[in-house]
Amino acid sequence: MHLADALVSPGVAGGAGVVSAALIAVDARKLKGVTEREGLVPMMGVLGAFVFAAQMINFSIPGTGSSGHIVGGVMLAALLGPWAALITLASVLVVQCLLFADGGLMALGCNILNMGVCSTLIAYPLVFKPLAGDCGRMWRVVAASVCASVVGLELGAVMVTVETELSGVTALPFGSFLGLMTGIHLLIGLGEGIATAAVLCFVMKFRPGLLSPEKRQGGSTSVLAWFLGGAILLGGCFAWIASEDPDGLEWSVGRLTGGTEIAGGTGDVEVALAAVQQKTSLLPDYDSTWSGIIGCAIVLVLVWAVTSLISFRRKNKPV
Amino acid sequence: MTTIEKALIRLHEVDAQSRGDFLLQTLDARAKVIVTIAYIAVVLSFSLTSFSGILLFAVFPIVSASMSGISYGQVFLRSMIALPFIAFVGIFNPIFEREPMLVAGDLTISRGWVEFLSIMLRGVLTVQAALLLIASTGFQRVCRALGCLGVPQIFTTQLMLIYRYIYVLINEAIRMDRARRSRSYGRRHYDLSMWATFVGQLLVRSVGRAERIHRAMLARGFDGHVRILGHLRWSSTDTAYCILWIGLFIAGRFFDLSSVLKFL
């Protein structure tokens, strides 16, 4: 579900980034003081690293021959509480993005919303907490894990669809794309839920104190208000980017030049240059786009060759 | 080699690359973060039917790779990792957008295929920019740069702690996985119950470790803030680096440089 940069427009990425940054800022304020008092800082760090390591261990999915791994949003929320889990999961997403190219840097805000917020701030307080209660009975934890994971991942899938459609990247109709994404993520959500339940049941057996309910605070109403505000921001302010009208930068060019494209010249100099170009061009019969592409490729090869010959080694070590 | 062992090698690789003594490694991390974000934003701002305009932006990762002493081929291969999900979303464009767009002799390419190639190209270039940022800077310095650029301290502290403990926990998971594989007669994957025991055990050990770490941190006067020696230093080279690249990005975005190349 990690959204790559190529699938979002700068407007949608920026909008999601603003909402995610606001949530992280609220989160940081909420956790201020609590982290030092309860030893949450090292716990969050170690559990973030744990989720990262656990994602590398795949379990086999019966009857399919394939394997899957845990995402960890609901599990982190069950262990740390929703706000601490959001920061931890967001940190894991940053590590995955920067070190393993899993999810884009610009799309980080989208990924924090899709995978972090949907699981920890929505599915956990609204689904897991009411169903699991005080985590005293195993069947309740199993039901809560499965339901919360399905809800979290389905919400994330809906968000991915909305963000991609708003960005105007895919030609697939919204309904078909939504059906495809939610269908696939229903299965993934069930797998995630079962895996989360299995781990939480193990924890209940060997370290029941880790699932103590007093850790799991988090107001669902304030979260929903933030989330709805973000959704309106994304949907309302940035929808124009996906429209047929010029995008932000084209609009700016349009304002400056009076049109969305810079018109070709018709003066004597331009005509003379065009004639020279026609004579000197390596590929005169190809249309301009082809010539542009081939020209770019030649430039890239030249740049690569020249930079390979230059040594940028410095004597001073970095600070 | 298992996925988890490959991940550990990748972490060591990034650490080694970021400690190089090439020009890009010596620049301030903030300059590199700003330029990388500007690059990605400009590449994404092109219309879907642009291809040659975006292709020219490959100059940035090629030059950055050279400036940091990293093989561009290696970066290129690594950036392929991101393509499957992008291809999954983009492959519907050739199906729905069939109007011809490029004609060269008998070959006609539809609008959908141009859009698909453009999406894939954006995917590769933006991933390369992010990979080069981290390879030339290192994770810790990127975190410090993010902190200087206004990211809340608790978030940057988390990033640093996670990065620190990833090594520890991945090593622990590798040891556990190796012990399990040596007793499992070639079975690659875990069935769910065994996986739950494995991951649950790792979790319980991790929590125990976190508690010990917290006590050790408290004993050394920890007050919620991780203090780091050394400061990021912004020099005139960093200013020049930012102005040069951002100027080139703006020029590449607002003027069709690929049409100028027709004179070749």
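Overview of values
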{"quantity": "Dipole moment magnitude, nearest 20 debye, region A:137-213 about Cα centre, only Lys, Arg, Asp, Glu C-beta charged", "calculated": "580 debye"}
{"quantity": "Entries in A:Lys30/A:Lys129; A:Lys129/A:Lys205; A:Lys30/B:Lys32 that, when Cα-Cα distance is taken, lie over 29 Å", "calculated": "A:Lys30/B:Lys32"}
{"quantity": "Estimated dipole of chain B in Debye, rounded to 20 [Cβ of Lys and Arg +1, of Asp and Glu -1, Cα centre]", "calculated": "1180 debye"}
{"quantity": "Distance between modelled label sites at B:Gln201 and A:Val306, nm, 7 Å Cα→Cβ extension", "calculated": "5.8 nm"}
{"quantity": "For chain B: rounded, prolate or oblate by the Cα gyration tensor [a/c cutoff 1.5]", "calculated": "oblate"}
{"quantity": "Shape call, region B:153-219: gyration tensor on alpha carbons, a/c limit 1.5", "calculated": "prolate"}
{"quantity": "FRET efficiency for A:Ala297 and B:Phe254, using Cβ-Cβ distance with R0 set to 22 Å, rounded to 0.05", "calculated": "0.50"}
{"quantity": "Helix B:192-219 vs. chain B, principal-axis angle (Cα, 0 to 90°, nearest 10)", "calculated": "70 degrees"}
{"quantity": "Gyration tensor (alpha-carbon) shape descriptor, region B:26-101, a/c threshold 1.5", "calculated": "prolate"}
{"quantity": "Sites B:Leu107 and B:Ala38 - FRET efficiency at Förster radius 35 Å, r taken between beta-carbons, to 0.05", "calculated": "0.45"}
{"quantity": "Angle in degrees between helix B:139-148 and the longest Cα principal axis of chain B, rounded to the nearest 10", "calculated": "80 degrees"}
{"quantity": "Candidates B:Ala219, B:Ala129, B:Ala173, ranked by Gaussian network fluctuation over chain B, Cα under 10 Å, top entry", "calculated": "B:Ala219"}
{"quantity": "FRET efficiency for A:Ala22 and B:Cys148, using Cβ-Cβ distance with R0 set to 22 Å, rounded to 0.05", "calculated": "0.65"}
{"quantity": "Cα-based helix-to-principal-axis angle, B:236-254 vs chain B, degrees rounded to 10", "calculated": "50 degrees"}
{"quantity": "HN-Hα J in Hz across region A:185-201 - Karplus 6.51, -1.76, 1.60, θ = phi - 60°, x for Gly and Pro", "calculated": "6, 5, 5, 4, x, 5, x, 4, x, 5, 5, 4, 4, 4, 5, 5, 5"}
{"quantity": "Helix-only [θ]222 nm of chain B, DSSP H runs n ≥ 4, -39500 (n - 2.57) each, per residue, nearest 500", "calculated": "-22500 deg cm²/dmol"}
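Bear in mind that the values in this text are calculations on the coordinates, not laboratory data. Every value quoted in this text rests on a predicted model; they were computed, and no experiment measured them. Glycine also receives a Cβ, built like all others from the backbone with ideal geometry; neighbour counts cover every protein chain displayed.
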